[in-house]
1. Please state which of the following conditions Val325 fails to meet, knowing it meets all the rest: (1) over 16 Å from His214 (Cα atoms); (2) touching a residue at least 60 places away in the same chain (Cβ under 8 Å); (3) not in a helix (DSSP H, G or I).
2. Report yes if Ala232 is hydrophobic (A, V, I, L, M, F, W, C) and open to solvent by less than 10 Å² (accessible area, probe 1.4 Å), otherwise no.
3. List the number of the failed condition for Ser261; all other conditions in (1) touching a strand residue (DSSP E or B) at 6+ places or on another chain (Cβ under 9 Å); (2) of a type in the set (S, T, N, Q); (3) crowded, with 18+ Cβ neighbours inside 10 Å hold.
4. Please go through the range 97-114 and pick out each residue that is open to solvent by less than 50 Å² (accessible area, probe 1.4 Å) and outside any helix (DSSP H, G or I).
5. Scan the range 207-265 for residues that are basic (Lys, Arg), part of a helix (DSSP H, G or I) and in contact (Cβ under 8 Å) with a residue 24 or more places away in the chain and jot them down.
6. Quick check on the range 308-318. Is at least one of its residues open to solvent by 50 Å² or more (accessible area, probe 1.4 Å) and out of contact with any Phe, Trp or Tyr (no Cβ under 6 Å at 6 or more places or on another chain)?
7. Any idea how many residues of the range 169-180 are open to solvent by 30 Å² or more (accessible area, probe 1.4 Å), on the phi < 0 side of the Ramachandran plot and either in contact with a strand residue (DSSP E or B) (Cβ under 8 Å, 6 or more places away or on another chain) or touching a residue at least 12 places away in the same chain (Cβ under 8 Å) (or both)?
8. Among the residues of the range 267-281, are any within 20 Å of the chain's Cα centre (by Cα), outside any helix (DSSP H, G or I), surrounded by 20 or more Cβ atoms within 10 Å (Cβ to Cβ) and touching a residue at least 60 places away in the same chain (Cβ under 8 Å)?
Amino acid sequence: MRSAKKNHPMSNSRVIDVSIGPSPRRAYDVRIGPGIASEILSNTPSLVGDAPSRAMLVFDSGVPRADRDRIADAIASGGLEVFIELIEPSERVKSLATLGRLLNRIAEARLERADPVIAVGGGIVGDIAGYAAASYRRGVPIIQCPTTLLAMVDASVGGKTGVNLNIDTPTGPRLVKNMAGAFWQPSIVLADVALLDSLEHRVLRCGLAECVKHGALGGFADAELGAWTRGALPRLLSRDHAALTELVARNVAVKASIVASDERETAATGGRALLNLGHTFGHAIEPMGHLSPTGSAENAPLQHGEAVALGVVAAAYASASMGLVDETLAGRLRDDIAAAGLPTSVDGLPDAPTLLDAMRDDKKVRAGHLRLVLPDGPGSCRVVDAPDEAHVIAGWNVIRA
């Protein structure tokens, strides 16, 4: 459960520019700081620029009622008619059926092309709302207001939207992550770190998995990010707003530097695909409902950040098995994951053939061959095509409890 907290004054805020190109270049701001959401959203018409008259406000059900009311009132104070849709997020809910219901709701509200969809919640809500905005009338504005650390540093930035699919396989139905979607850049991203005050501790830690991942890519824009995060963990876990603002800003800057020239993840080498470090392993096990970060069934299934954390460890040791890095670097990444309170091993993994088969649902697969993002040095990663399965299995074996 989340509990409501008071807003804080707009002080110590940061702005990161995300510029997508090459031509024509499109840019938007990511504004970060405590208490910024309501104040900025009271000027929603100026954020989208085309004289909107309505807004569809899509809330994560985990956002406290007091915060939802405050944000809705702020948008209405700017002269917009506000329609509200509530989504209780889960990977099963992140579906075409939910997308269809939201699109019908938007159509019933008769939003026009200038009218924004505003997503207030974690990555699941942001992905669904963003996909709806990309689809409705072939594109209306989306404003992302992430309320989880994971969504602030990753999901809300870069324009990836989508839902999961459920496919039939010889062994039964299988959920495949983010297999339907669109690239649709937001008009603005508002990362109000005061909204993290009410976040469950487990969910807060999940966001740190993406931060460790960005630290492993920090050579692109912030070579000191990994070390800074390591040293700032006590302040981050105590929800110090200044530390959280710094963390979000530095992580967004790393992501922005990578997506700027490869919006649609089409670069032949590297590019945006590097942001998938840990995800090919993580997405394979995230839908497995029996897996738990603690080994206790009451904590199953894995949350996204926990699956990514395990995936980063597996990727690091697969890389060590290939000789791309030594085990010292792999061990440092595992230690960073552990220091953030995230799992580095898990009970109940299926056998190697089952895991390898699940990995082939990954969107980076080409001609039936895996493509893995693996560390190849401090602050550096590369894409490895068609890796030897023995090295992939070596990574899996490291995270078997």
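The values are calculated or read from the model by the stated rules, or taken from the named source; none is laboratory data. All values reported here derive from a predicted model rather than from experimental measurement. When we count neighbours, we look across all protein chains shown, and the Cβ atoms used for this are built from the backbone with ideal geometry, even at glycine. Surface areas here come from the heavy atoms of the whole protein model, side chains and all, with no ligands, DNA or RNA. Shrake-Rupley method; radii C 1.70, N 1.55, O 1.52, S 1.80 Å.
1. (2)
2. On the way: hydrophobic (A, V, I, L, M, F, W, C): yes; open to solvent by less than 10 Å² (accessible area, probe 1.4 Å): yes.
So Ala232 passes the test.
3. (3)
4. Across the range 97-114, the qualifying residues are Ala109, Leu111, Ala114.
5. Taking the range 207-265 as the starting set, the residues that turn out to be basic (Lys, Arg) are 213, 230, 235, 239, 250, 255, 264.
With the extra rule that they be part of a helix (DSSP H, G or I), the set shrinks to 213, 230, 235, 250, 255.
Selection gives Lys213, Arg230, Arg250, Lys255.
6. no
7. Final tally of qualifying residues: 3.
8. Filtering the range 267-281 down to residues within 20 Å of the chain's Cα centre (by Cα) leaves 270-281.
Subset that is outside any helix (DSSP H, G or I): 270, 277-278.
With surrounded by 20 or more Cβ atoms within 10 Å (Cβ to Cβ) added as a condition, the list becomes 277-278.
Add one more test, that the residue is touching a residue at least 60 places away in the same chain (Cβ under 8 Å), and what stays is 277-278.
Yes, the range 267-281 contains at least one residue that is within 20 Å of the chain's Cα centre (by Cα), outside any helix (DSSP H, G or I), surrounded by 20 or more Cβ atoms within 10 Å (Cβ to Cβ) and touching a residue at least 60 places away in the same chain (Cβ under 8 Å).
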